[in-house]
Amino acid sequence: MDTKLLTIRTLVSSLTSSSDQTRLAALRHLRRTSNEDPAARPLISAAGAVPLLAGALYSPSHPIQDHAAATLLNLSISDRRPLLSSPTLLPALAHLLSRHATSSAASAVQSAAATLHSLLAVVAEFRPAVGAKPEILLALIGIISDPDSVTRTIKDALKALFGIALYPPSRTTLVRLGAVPVLFDLVAKDKNGTRKVGIIEDATAVIAQIAACEESEDACLKVSGVSRLAMMLCSENGSCSLRTKENAVAALLNLVRYGSERVVGEVRNKVGTLDGISYVQEHGSPKGKSKAVAFFKLLLDGGSSGEIVQDLYPVDPDSGSSCRE
C-alpha cells in the first residue's frame, strides 16, 4: 500500500481514539497535510475523515476544535463533495458557530464560517440546505453583531452570509431574522470610531443581495437604509471605496426592483448627487458600470422598476477561501 495512503488511514483511525492527546496529534498532522498537499485531500476524505472531523467540533478542547475546523476548511477548497454529502457537517458547524461567544475557539469559528463560504460560493445545490438551518443564519448574524468579534471572523461570517443570500428564499429568512439592521450597523463607525473598509465592502455586498426580495423594503426603510446607501454615493464621502459604491448602487437598484412606489420615491428623493454614480460608471467593474447606467436611467428618465435592471447582482466578496496552515 502507498505510504501516503497508509499514513492518512492511520491518522484518520486515530480520530476514533478515546484519548484527546492521540486525537489532537492526529488532527495536527491532518491539518498540516491537507494544507501542504492538495493531492492528499481526497485521500483524507475517502478514509472517512469528514464525519470524524465534524464530530471533533463538539469537543470542549479548543485545540481539537481548531485543528478539526481548519482541516475541514482545507478539504473544502478542492474536495467539496464528501463534505456536502455528510449529514453530520451542518449540525456540527451550527453547534460551533452558535457558541462563538462562549465555548468555541475563535480560530475554529473563523474556519467554520470560511468553510461555509467555500462551499456556498461554488456549489449552488448546497445553498438551500444551509438556508434551511436558521441556527446557522442566527449564529452568523450573532457573530457580525458581537462587538467582541475580531475583523477576520466578521469578514468570514459576512462571506458566508453572502453565499447564503445567493439562494433567493434565504434573503427573506435573513430579513426576518434581523440581518438588515445588523448589517447597516457594520457600515457605521465601529466602537473605536474608525472604519474597517473591508468589512464595509462585504457588508454592503450582503445588503445588496438581501435587498433583492420584497421583504427587504420595510427593513431597510426602518433603518434609513436608502439615505445611508445614498450617502455612500456622495462625492464628499471619500472614505467609501469603489467597491462599496458599486454595492450601494446595486442595493438601491434591488430595492427599487423588488419594492413598492414608496421606496422608488424614497430613492429618487434621497439620491441628490450624480457624482458618485458617474464615478462608478467611469471607473467601476463591468457589472458596476452596468448598474450605474441603470441607475442613471432611474434618476434621469424616470424609468419604471421593471425597466431598470437586467443584472442586479452585487460585486461578490472574494470568491476563494484560503487554507488554514
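Where a number appears in this text, it was derived from the coordinates with a stated rule and is not lab data. Predicted model only: the values in this text are computed from it and were never measured. All Cβ positions, glycine included, derive from the backbone under ideal geometry; neighbour counts span all protein chains shown.
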TODO: Could I have the simple spin-label model distance between ASP185 and LYS222, label points 7 Å from Cα toward Cβ, reported in nm to one decimal?
DONE: 1.3
Open item on the list: Which of SER111, SER239, SER59 ends up with the largest GNM mean-square fluctuation for the chain, with Cα atoms connected below 10 Å?
Closed with: SER239
Open item on the list: On a straight-distance basis, which lysines could pair with LYS245 in a cross-link, Cα separation under 27 angstrom, same-chain partners fewer than 8 positions away excluded?
Closed with: LYS155, LYS159, LYS189, LYS191, LYS196, LYS222, LYS270, LYS287, LYS289, LYS291, LYS297
Task: Using θ = phi - 60° and Karplus 6.51 cos²θ - 1.76 cosθ + 1.60, couplings along region 59-73 (whole Hz; Gly, Pro as x) - done: 5, x, 7, 4, x, 5, 4, 4, 5, 5, 5, 5, 5, 4, 4
Open item on the list: Report the gain in length on full extension from ALA132 to ARG268: 0.36 nm times residue separation, minus Cα-Cα distance, nm rounded to one decimal.
Closed with: 45.4 nm
- [ ] Fewest Cβ neighbours within 10 Å first, please rank PHE296, PHE162, PHE126 accordingly.
- [x] PHE296, PHE126, PHE162
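Would you work out the relative contact order for region 89-138, in percent, from Cα pairs under 8 angstrom that are 6 or more residues apart?
This gives 40 percent for region 89-138.
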Task: Most fluctuating residue given options GLU217, GLU261, GLU246, as computed from a GNM of the chain linking Cα atoms under 10 Å - done: GLU261
TODO: State, as an integer percentage, the relative contact order of the chain based on alpha-carbon contacts under 8 Å between residues 6 or more apart.
DONE: 14
Open item on the list: For region 127-268, take every pair of Cα atoms, bin their distances at 5 Å starting from 0, and report each bin as a whole percent.
Closed with: 2, 11, 22, 24, 21, 13, 6, 1, 0
Task: Expected 222 nm ellipticity per residue - DSSP helices of 4 or more, -39500 (n - 2.57), all of the chain, to 500 - done: -20500 deg cm²/dmol
TODO: Provide GLU266, GLU125 in ascending order of the number of other Cβ atoms located within 10 Å of each residue's Cβ, fewest first.
DONE: GLU125, GLU266
- [ ] Compute the acute angle (0 to 90°) between the alpha-carbon long axis of helix 106-122 and the principal axis of greatest extent of the alpha-carbon atoms of the chain; round to the nearest 10°.
- [x] 70
Open item on the list: Compute a Gaussian network model of the chain, connecting alpha carbons closer than 10 Å, and tell me which residue from ALA124, ALA114, ALA94 fluctuates the most.
Closed with: ALA124
Open item on the list: So if each residue of separation counts as 0.36 nm, and I subtract the Cα-Cα distance between ASP275 and THR16, what length gain in nm does that give?
Closed with: 87.1 nm
Open item on the list: Test of understanding: ordering ARG228, ARG31 by Cβ neighbours within 10 Å, fewest first, what list do you get?
Closed with: ARG228, ARG31
